[in-house]
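A.B. asks: Structure below; questions to follow.
Values in this text are rule-based calculations from the coordinates and carry no lab data. Remember, predicted model here, so these are calculated numbers, not experimental data. Neighbour counts are summed over all protein chains in view; Cβ atoms, including those assigned to glycine, are modelled from backbone coordinates with ideal geometry.
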Amino acid sequence: MDLWQLRIFCKVVEYKSFSKAGRAIHLSQPTISSHIQALEQHFGCRLIDRMAKQAEPTAAGQTLYRYAKRLDALREEAEAAIAAMQGEVRGRLHVGASTIPGNYLLPELIGGFTRQHPGVNVALEIADSARIMARVLGGDLELGVVGAASRDRNALQEPLMSDRLQLIVPAGHRWAGHERVTLTDLIEEPFIIREQGSGTLAALQTALQQAGMGLRQLHIVAEMGTTTAVIRGIKAGVGVSILSPLAVYEELAEGRLQALDVADLSLERHFYLIRHRQRSLSPVAGAFAAYLHASLVCD
């Protein structure tokens with residue numbers, strides 16, 4: 001068994017296919033199969049079930065996959081550490097982000113960072129805040145940028161920038177042209193919420209609790225799993241919602257949507273840089289964290 005075989009094994013698990021894994025790392029399917037067979041002989045058990053349409057890890061394969069990913073991350077950290085000793089910042093960085101920073105902030109920042117450090121390759125994972133926190137605390141991601149704070153004592157989190165959520169309505173809505181509405185008005189209006197685990201939903205729940213209310217008092221007509229789906233629902237007249245203006249920047253500029261404040265509802269929140277308190281950052285992760293702090297000003 002060697003690290004290269006483990007990396008091949010991970011690709012088969014991730015692509016659920018011997019042929020797709022081979023194309024991804026430029027190896028023939030027979031070569032991929034021979035490496036998997038060698039691993040199975042080493043461990044004395046089947047690691048991959050060859051199904052009719054896809055390859056699935058067995059229970060032993062799932063266990064090996066978790067360890068193989070950790071070993072691959074250590075290999076990358078070792079390469080980056082040696083490069084740093086030679087005055088270079090290079091290597092692969094795994095970073096996660098919740099929907100708003102992942103879609104609307106980090107792509108541009110990653111572009112600027114990789115222009116400064118062309119030897120760096122960044123893998124960005126986007127999911128809800130709860131999922132990204134779990135991935136960071138589980139050791140799968142070095143850094144995360146999320147829209148909600150964690151209560152886990154192992155989470156080391158630093159505020160990066162503030163974000164003020166607003167009520168988003170379509171251009172033809174009766175509130176279009178208003179600067180603000182009351183909380184009493186809002187609770188009567190058909191409302192779309194994000195799914196549990198969303199930082200946006202958590203911020204809304206906190207704001208409502210501070211106002212002595214809860215989600216149950218809103219007229220919720222739909223729950224949607226992505227910000228994009230919520231935006232489409234607003235445009236289609238399903239209901240209104242509370243979102244970050246960053247997510248609807250183009251629609252606001254073009255006049256297709258309008259952002260309003262809600263009186264007596266404090267919707268200020270922060271985006272946080274989160275990492276595991278007991279894990280030392282690799283040189284490339286440390287450089288990226290410093291770049292984020294230099295680029296984003298926290299109010």
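A.B. asks: Under a plain spin-label model, where a point goes 7 Å from the Cα along Cα-to-Cβ, how far apart in nm are L74 and R256?
C.D. replies: With each label placed 7 Å out from Cα toward Cβ, I get 4.9 nm.
A.B. asks: Sticking with this one: Is segment 1-71 best put as rounded, prolate or oblate by its Cα gyration tensor, with a ≥ b ≥ c the root eigenvalues, rounded for a/c under 1.5, and otherwise prolate when a/b is larger than b/c, oblate when not?
C.D. replies: Rounded, because the longest to shortest axis ratio a/c is under 1.5.
A.B. asks: Could you calculate the contour length gain from E223 to M1, that is, 0.36 nm times the residue separation minus the distance between their Cα atoms, to one decimal place in nm?
C.D. replies: 75.2 nm
A.B. asks: Moving on to the next point. Which percent, nearest 5, of DSSP beta bridges in the chain are antiparallel?
C.D. replies: Expressed as a percentage, antiparallel bridges in the chain total about 55.
A.B. asks: Work out, step by step, the length gained on full extension between T206 and Q116: first 0.36 nm times the residue separation, then minus their alpha carbon distance; give nm to one decimal.
C.D. replies: Here the answer is 28.5 nm.
A.B. asks: GNM, the chain, Cα, under 10 Å: largest mean-square fluctuation among K53, K16, K69?
C.D. replies: In this elastic network of the chain, the residue with the biggest mean-square fluctuation among K53, K16, K69 is K53.
A.B. asks: Which of the lysines could a cross-linker span from K11 if the Cα-Cα distance has to be under 17 Å and same-chain partners fewer than 8 positions apart are dropped?
C.D. replies: Within the straight-line limit of under 17 Å, K11 reaches these lysines: K20, K53, K69.
A.B. asks: Could you tell me how far the Cα centroid of segment 79-143 sits from the Cα centroid of segment 192-261, in Å?
C.D. replies: Going from one Cα centre to the other spans 28 Å.
A.B. asks: Considering only DSSP beta bridges where both residues belong to segment 1-142, give the percentage that are antiparallel (nearest 5).
C.D. replies: Counting only bridges with both partners in segment 1-142, antiparallel ones make up about 30 percent.
A.B. asks: Go ahead and set up a Gaussian network model of the chain, Cα springs under 10 Å, then flag whichever of R275, R256, R135 fluctuates most.
C.D. replies: With Cα springs under 10 Å in the chain, the top fluctuation among R275, R256, R135 is at R256.
A.B. asks: Show me the ranking of peptides 206-216, 258-268 by mean Cβ neighbours inside 10 Å, starting with the highest.
C.D. replies: The packing order, highest mean first, is 258-268, 206-216.
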